[in-house]
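The values are calculated or read from the model by the stated rules, or taken from the named source; none is laboratory data. Quick caveat, the model's predicted, so the values are computed rather than measured. All Cβ positions, even for glycine, are placed from backbone atoms using ideal geometry, and neighbour counts span all protein chains on display. Just so you know, the surface numbers come from the protein's heavy atoms only, side chains and all, with ligands and any DNA or RNA stripped out. Shrake-Rupley method; radii C 1.70, N 1.55, O 1.52, S 1.80 Å.
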Amino acid sequence: MNSAPTMPANPDEEPEAPQRHLLRMAALAGWGIVLVVQVGQYLHRPTTANLIVAIGLATLFGLFLAHALFMRVVQKRHWHRVAARLQGAAYLSEFHNLPNRNYVLAELRREMPRARALQSPFVLIQLSIENIAEIRERRGDDFANRALNALADVLKRLTRSSDFLAHLGGAKFCVMLVECTLEQSFIYLKRVPGTISVSDGHNVLDVPVTARVLQYDLEALYATDVLRDLEETRPLRRRESPRPDSLAA
């Protein structure tokens, strides 16, 4: 999984180069000194020429100040948009823009107290192509990527909007079934095929899909522990077996 970029402590403030900031402040101070001197000159000798020069300098100073303020506002808005994108990237996988592991952990931290309060467990299902390294070596990256895309498409089609699907990285996906027991989760799992059929350009091969299931026991307090327990759970024995010409044969 790619780590998210580090964000500034205050996302509303743009990290500005100190030299640029000092130069801008020096320019404003210079304009201010010139304006004060000219106003003093006019007060000392209130002639029409001094008045015109003072008004002209005041106008230029006002324009420079307005421009500086305008650029500051524009830069703040730009950085706010950039910060929003970075914040989204921290919770999105580059694969199909699915929620990533960070999102799963955040969702677990929200769902665990709710499940304990309502005494209503939820279920996590990890679905993966565990022999993806072997597939890449034997069949190539294009075939392996087609298999991953096919599995993602199937899971997106089968997962309800009230639940959610996430990409844990590599060839692993996670589905959270809220307000669901272990027994009820098998209704969903039965809809997920035990193999994904993928063409290599000549033949259609069956790639086995591994499933792990974990019901939240209402006791664990840390989201990382729950996700680790899921990943360490023994795989289920799926009823569907690959065909004789599949990769598992």
Accessible area in the full protein assembly, largest first, 1.4 Å probe, for Glu111, Glu134, Glu183, Glu231: Glu183, Glu134, Glu231, Glu111
In whole Hz, the Karplus estimates of ³J(HN,Hα) for the stretch 110-119 (6.51, -1.76, 1.60; θ = phi - 60°; x where Gly or Pro) are 7, 7, 4, x, 5, 4, 5, 5, 8, 6
Accessible area of Ile187, 1.4 Å probe, to the nearest 10 Å²? 120
Considering every pair of different Cα atoms, what Kirkwood radius, in Å, is found for the stretch 103-169? 14.2
Might you report the magnitude of the Cβ-based charge dipole of the stretch 124-242 about its Cα centre, with Lys and Arg at +1 and Asp and Glu at -1, to the nearest 20 debye? 400
Distance between modelled label sites at Thr233 and His67, nm, 7 Å Cα→Cβ extension: 6.4
Near Tyr188, within a Cβ-to-Cβ distance under 9 Å, what is the net charge of the other residues, with Lys and Arg +1 and Asp and Glu -1? +2
Pairs of alpha-carbon atoms within less than 8 angstrom and 6+ residues apart define the contacts here; what relative contact order does the stretch 121-243 have, in percent? 35
Taking amide H positions as placed in the peptide plane 1.01 Å from N, state which residues far from Thr195 in sequence (5 or more) or on other chains have amide H under 5 Å from it. Val209
Just to be sure I understand the model, the point goes 7 Å from the Cα along the line to the Cβ. What's the resulting Thr224 to Thr48 distance in nm? 7.9
Using only alpha carbon pairs under 8 Å that are at least six residues apart, calculate the relative contact order of the stretch 145-206 and give it in whole percent. 30
